[in-house]
Amino acid sequence: MATFNASVRESGKTSVIDVSGDLDAHTAVQLERVFEKLISEQRANIVVNFSNLNYISSAGLGVFMAFIDEVRSKGGDIKFANMPEKIYQIFDLLGFPSLYEIYDDEKKAIEKFQTNAS
Amino acid sequence: MKEGVRFRYALFLALLVSEILHLSLDIGLFYAGDAKPYLISLGILFVKDALACVAAGAMYLLIRRQLQASAQPDAPFWVAPEDAFKRGASLIALNVALIAIYGRLFEPSDFNPEDEILAVAPQSVYTAFKTHLSFLTFGAYLLAMFVVIERLILFRRARNTKVNFILMATSLALGAVATFGARKGDALNLVAIAFLSVAGLMMIVNLFRLSWILPIRRDEKIRALFLAPVIIGGVAIAMNALRIDEHFAAHSFAVSIFLKGVAIFCSLYLVVTLFSLLFYLPASEAYERKSIEVRNLYAMSKFITDVLEEEKIYDSLVGYARDAFGASSLAWFDLHCPYDETTRAGESAAMAKLPNLRWKNQNGCFKTVAQQNVSLDEIHRFSSKAEFVWREIAERASVVRIDDVKNDERLGASPSAVKNFLRRFKRDSNSSERIVSFIAVPLVARNKLMGALCVAKDYEHGFVKEDIELIATFADQAALAIDNARLIRALIDKERLQQELLVAQKIQLRLLPQTQPKASGFEVDGVSYPAYEVGGDYYDYVPIGDDERRIGVIVADVSGKGTSAAFYMAELKGVVQSLARIYPDSPKEFLCRANETISRGLEKGSFISAIYGIVDTERKSLHLSNAGHCPAIVVQGDEARFIEIKGLALGLDKGAIFSKNIRETRIDLNEGDVVVFYTDGVVEAIDKNNELFGYWRLAEVARHSRRKSASEIKNDIFNAVNAFTNDGGAVRDDLTIVVLKRLAA
């Protein structure tokens, strides 16, 4: 099976999730768990770094859908960064850019959180 | 069977006849001795011996048959040992009483000792009767005892056991026969002495066959300990105090030798038994426990094959453990629930809130699922102190033993011997903690931790090394049984799921259009292949308006697969079929309404991408709108292009953002123009090098086949994808293709 990994880095009050490999129906659970943990720790400022993601299926996209309301209700957000072109196409096709903020660079996303907070 | 009954009647008859004849002879002898003693010849003794032999032989066989018939066909004992002692004691009491009463009622019996010839004749008629009564009652008793003891000796026989016994019995009998015609007081002949010596020797050999003692229960042994002396004493009283040996001798000297031998042997055997009982008594508790263990283990191993319900296995495991450690012990089972890939994070969080939870870390938790003689409260109190027990089991799967809860360093107690000694004196008036010594063993099968079996006792140092071995064996057996049950459960679940999927598949196939729509001047054809049993792709045609001038065409992809996707599909079909007629003019309007309706029913994280077009067969145009779906391909002339229209997938947003983003467009279709709708299964198919089939190849196939019919174009695309994925590639998602073509006039 294709491998998938999701690891969390802390950058101030923002958590960055690095996703890599194939995010499909089987591996989506792992990402769900990461989100759950962050939410339970009250860390609602989340940036997802896609730079090493190879493939995303609709179930993978569903993970972001499943948590966005909860995160936003806590005053945070899920922002996307460093998307490879083919991943962006999929997000774009489904209309995600009008629902989520997508940045070229993870730093910009983190900055955005900071400026919002100040 | 009938044969046996007849034989028994014959034996009984032989006994009766010989005894009557013998009795008559004795009475005759008495009168002859009184009147004409010179008529008595010593040769008469041969007749008496012969008659007595027949009687004794018949009686022995009769008793043997009777005892054998009363027992179970395969029983090792004809009379169970514990039963034999009871019956033996009561019968000897009866015998002694009967003969004693007889002796009281009538004048004392005696034989003429002075006269050589008269010694053969009884002193009185009563004496003659007493002689025969003694033979029939006490003689029968001795023979019965002989048979019972024979069976005891033969229990768990070794190779020579039976031979030894038969040798003893026959040499005794032959020795007796060798004395035929002799009188009491006569010197024994050499042959008789030889046989009797052999018999005596063999008696010693047979005396020590006592293998039956060990298995009988402790309380039975104690009872036997009291009953054996009663029997020995009874036999001694009857033989000596009641002078039965003299009567036996008067009855027939030869037979009396045999009976005396039997009496001696039986008494000695009982004496040896008595001592053995005394010796075995202390060991018998241990023996009994071992045999309970063996029985329990056997029952457990049967369990593996018999019981498939996990809960039942937990309960019986705890029950067996408690059986093995005594009724006062406390036992419970903590199930290990790992949080693995298959357990959704939400489920495990819910599980962690259970009230009977023992312990948890990020990898899993323990919860008590079966307990006996212990309350959850007690376990809770204990587990909050002794958390290390569960940690140890979870991390190392090792056996944990606590000899004294109050004096264990791991529980934070100070190991001061003096303090502990003193503690004993102000004992436990305020503490009602019953978990004092404790042992826990992990259940492991196929390297997977299933749980922990815990047993506790209410006193210190309640468990020794053997106990650990025993409980570990239980645990191993139970782990196997649980593993087995789970495997079978999983199989059953899988089968059920398969059935459900088949049903869903059938439903789904019926949701797809069964025929092509009638559209004058146009051809439409479509196909959908699910990647798994149940797919998430959907396409449909809706005739709009009464004149059916317009036709709605939808291609959609429900995120997620399996049964839930099939249900969303069903819902989607309902929405499409109704809304398409309500919004006949604008596909954008249609998708907005569809989004509102569907968003409400959709699970969080699920969405549907859809492309919807309205074909106007009169104006020859296609009105198109796209909700996050793959762009349609239009082939006009020999040019293929993608119609890219912005729009969100259904279910991503409930209304405002969706409506703001959705667009629509109108395309005029000329003769021969082709429109291709498809799902991402087509463009995301990969070849062996992991390369995508992609938009470009799809457009190329459509352009190349543009002159063919709609069905042929559809087939060409499908075949192209198949050819591409062949040889190591894969279609990773459901694959749907719908082709619309305006026909040439």
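Taking into account only those residues within the range B:666-697 that are of a type in the set (Phe, Trp, Tyr) and open to solvent by 10 Å² or more (accessible area, probe 1.4 Å), which is nearest to the other protein chains (Cβ to nearest Cβ)?
B:Tyr695
Report yes if B:Asp49 is closer than 23 Å to B:Leu136 by Cα, surrounded by 13 or more Cβ atoms within 10 Å (Cβ to Cβ), in contact with a strand residue (DSSP E or B) (Cβ under 6 Å, 6 or more places away or on another chain) and at pLDDT 85 or above, otherwise no.
No.
Of the residues B:Ile713, B:Ile717, which is in contact with a Leu (Cβ under 8 Å, 6 or more places away or on another chain) and buried (at least 21 other Cβ atoms within 10 Å of the Cβ)?
Answer to the check: B:Ile717.
Go through the range B:607-653 residue by residue and tally those that are within 14 Å of chain A (Cβ to nearest Cβ), surrounded by fewer than 22 Cβ atoms within 10 Å (Cβ to Cβ) and assigned to a strand (DSSP E or B).
Qualifying residue count, the range B:607-653: 2.
Let me confirm something: among A:Ser58, A:Ser15, which residue is at the interface with chain B (Cβ under 9 Å from one of its Cβ atoms) and small (Gly, Ala, Ser)?
Step by step, each of A:Ser58, A:Ser15 is checked, and only A:Ser58 is at the interface with chain B (Cβ under 9 Å from one of its Cβ atoms) and small (Gly, Ala, Ser).
Would you say B:Glu409 is farther than 23 Å from B:Leu317 by Cβ and surrounded by fewer than 14 Cβ atoms within 10 Å (Cβ to Cβ)?
Yes, satisfied.
Determine which single condition B:Arg663 fails, assuming it passes every other condition in (1) within 26 Å of B:Arg593 (Cβ to Cβ); (2) crowded, with 16+ Cβ neighbours inside 10 Å; (3) not β-branched (Val, Ile, Thr).
Going through the list (1) within 26 Å of B:Arg593 (Cβ to Cβ); (2) crowded, with 16+ Cβ neighbours inside 10 Å; (3) not β-branched (Val, Ile, Thr), B:Arg663 breaks only (2).
Go through (1) assigned to a helix (DSSP H, G or I); (2) open to solvent by 80 Å² or more (accessible area, probe 1.4 Å) for B:Leu61 and report which single condition fails.
(2)
Return a yes/no flag: does the range B:539-548 have any residue that is more than 13 Å from B:Ile598 (Cα to Cα) and aromatic (Phe, Trp, Tyr).
Yes; the residues of the range B:539-548 include at least one that is more than 13 Å from B:Ile598 (Cα to Cα) and aromatic (Phe, Trp, Tyr).
Scan B:Ile216, B:Ile232, B:Ile244 and give me the residue that is closer than 24 Å to B:Phe279 by Cα, of a type in the set (Val, Ile, Thr) and open to solvent by less than 20 Å² (accessible area, probe 1.4 Å).
Only one candidate passes the filter, namely B:Ile216.
Any residue in the range B:6-24 that's surrounded by 13 or more Cβ atoms within 10 Å (Cβ to Cβ): show its pairings with residues that are among the charged types (D, E, K, R) at Cβ separation under 6 Å, as long as the two are six or more apart or on different chains.
What qualifies is B:Arg8/B:Arg65.
Determine whether the range B:485-495 contains at least one residue that is touching a helix residue (DSSP H, G or I) at 6+ places or on another chain (Cβ under 9 Å), surrounded by 12 or more Cβ atoms within 10 Å (Cβ to Cβ), at pLDDT below 85 and aliphatic (A, V, I, L, M).
The answer is yes; a qualifying residue exists.
From the list B:Ala169, B:Ala178, B:Ala199, B:Ala173, pick out the single residue that is in contact with a Ser or Thr (Cβ under 8 Å, 6 or more places away or on another chain) and closer than 21 Å to B:Gly57 by Cα. So that I can check it myself, show each step before the final result.
Working: B:Ala169 fails: in contact with a Ser or Thr (Cβ under 8 Å, 6 or more places away or on another chain); B:Ala178 fails: in contact with a Ser or Thr (Cβ under 8 Å, 6 or more places away or on another chain); B:Ala173 fails: in contact with a Ser or Thr (Cβ under 8 Å, 6 or more places away or on another chain).
Matching residue, one of B:Ala169, B:Ala178, B:Ala199, B:Ala173: B:Ala199.
Which of (1) within 14 Å of another protein chain (Cβ to nearest Cβ); (2) without any contact (Cβ under 8 Å) to a residue 24 or more places away in the chain is the odd one out, the single condition B:Asp716 does not satisfy?
So the condition that B:Asp716 fails would be (1).
Within the range B:517-537, take every residue that is open to solvent by less than 50 Å² (accessible area, probe 1.4 Å) and over 60 Å from the mean Cα position of the chain (by Cα) and give me the one that is nearest to the other protein chains (Cβ to nearest Cβ).
In this case the residue turns out to be B:Val524.
Picking from B:Asp547, B:Asp557, B:Asp540, which residue would you name as being more than 14 Å from chain A (Cβ to nearest Cβ), of a type in the set (Asp, Glu) and closer than 17 Å to B:Phe677 by Cα?
B:Asp540
Scanning for something polar (S, T, N, Q), out of contact with any His (no Cβ under 9 Å at 6 or more places or on another chain) and buried (at least 22 other Cβ atoms within 10 Å of the Cβ), does the range B:560-583 turn up at least one residue? Let's see the steps before the verdict.
Step one: list which residues in the range B:560-583 are polar (S, T, N, Q), which gives B:563-564, B:577-578.
Then keep just the ones that are out of contact with any His (no Cβ under 9 Å at 6 or more places or on another chain); that gives B:563-564, B:577-578.
Retained after the next criterion (residues that are buried (at least 22 other Cβ atoms within 10 Å of the Cβ)): none.
Looking through the range B:560-583, none of the residues is polar (S, T, N, Q), out of contact with any His (no Cβ under 9 Å at 6 or more places or on another chain) and buried (at least 22 other Cβ atoms within 10 Å of the Cβ).
For a quick check of your reading: which helices (runs of 4 or more DSSP H) sit entirely within the range B:654-745 and have at least 3 residues that are among the β-branched types (Val, Ile, Thr) and within 60 Å of the chain's Cα centre (by Cα)?
B:710-725
Could you list all residues from the range B:346-404 that are open to solvent by 60 Å² or more (accessible area, probe 1.4 Å), modelled with pLDDT under 85 and part of a strand (DSSP E or B)?
Hit for the range B:346-404 is B:Lys360, nothing else.
List the helices (runs of 4 or more DSSP H) that sit entirely inside the range B:122-184 and contain at least 1 residues that are over 57 Å from the mean Cα position of the chain (by Cα).
Numbers: elements: B:125-134, B:140-154, B:161-178.
In the range B:122-184, the matching helices (runs of 4 or more DSSP H) lie at B:125-134, B:161-178.
Kindly indicate whether B:Tyr280 is open to solvent by 80 Å² or more (accessible area, probe 1.4 Å) and over 30 Å from B:Gln123 (Cα atoms). If you could, list the steps in order and put the result at the bottom.
Working: open to solvent by 80 Å² or more (accessible area, probe 1.4 Å): yes; over 30 Å from B:Gln123 (Cα atoms): yes.
It is true that B:Tyr280 is open to solvent by 80 Å² or more (accessible area, probe 1.4 Å) and over 30 Å from B:Gln123 (Cα atoms).
Which number in (1) surrounded by 18 or more Cβ atoms within 10 Å (Cβ to Cβ); (2) in the same structural domain as B:Thr617 (by TED's automatic domain parsing); (3) in contact with a strand residue (DSSP E or B) (Cβ under 9 Å, 6 or more places away or on another chain) marks the one condition that B:Phe474 misses?
For B:Phe474, the exception is condition (2).
One line per residue, one yes/no per condition, for (1) within 23 Å of A:Ile87 (Cβ to Cβ); (2) in contact with a strand residue (DSSP E or B) (Cβ under 8 Å, 6 or more places away or on another chain):
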position: B:Asn690; (1), (2): yes, no
position: B:Ala702; (1), (2): no, yes
position: B:Phe718; (1), (2): no, yes
position: B:Asn722; (1), (2): no, no
position: B:Asn726; (1), (2): no, no
position: B:Ile737; (1), (2): no, yes
position: B:Lys741; (1), (2): no, yes
position: B:Ala745; (1), (2): no, no
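If I filter the range A:61-110 down to residues being within 14 Å of another protein chain (Cβ to nearest Cβ) and among the basic types (Lys, Arg), which single residue comes out as surrounded by the most Cβ atoms within 10 Å (Cβ to Cβ)?
Within the range A:61-110, the match that is surrounded by the most Cβ atoms within 10 Å (Cβ to Cβ) is A:Lys86.
The values are calculated or read from the model by the stated rules, or taken from the named source; none is laboratory data. None of these values were measured; they are calculated from a predicted model. Cβ sites come from the backbone with ideal geometry, for glycine too, and all protein chains shown count toward neighbours. These area figures cover heavy atoms from the full protein model, side chains too; ligands, DNA and RNA do not enter into them. Shrake-Rupley method; radii C 1.70, N 1.55, O 1.52, S 1.80 Å.
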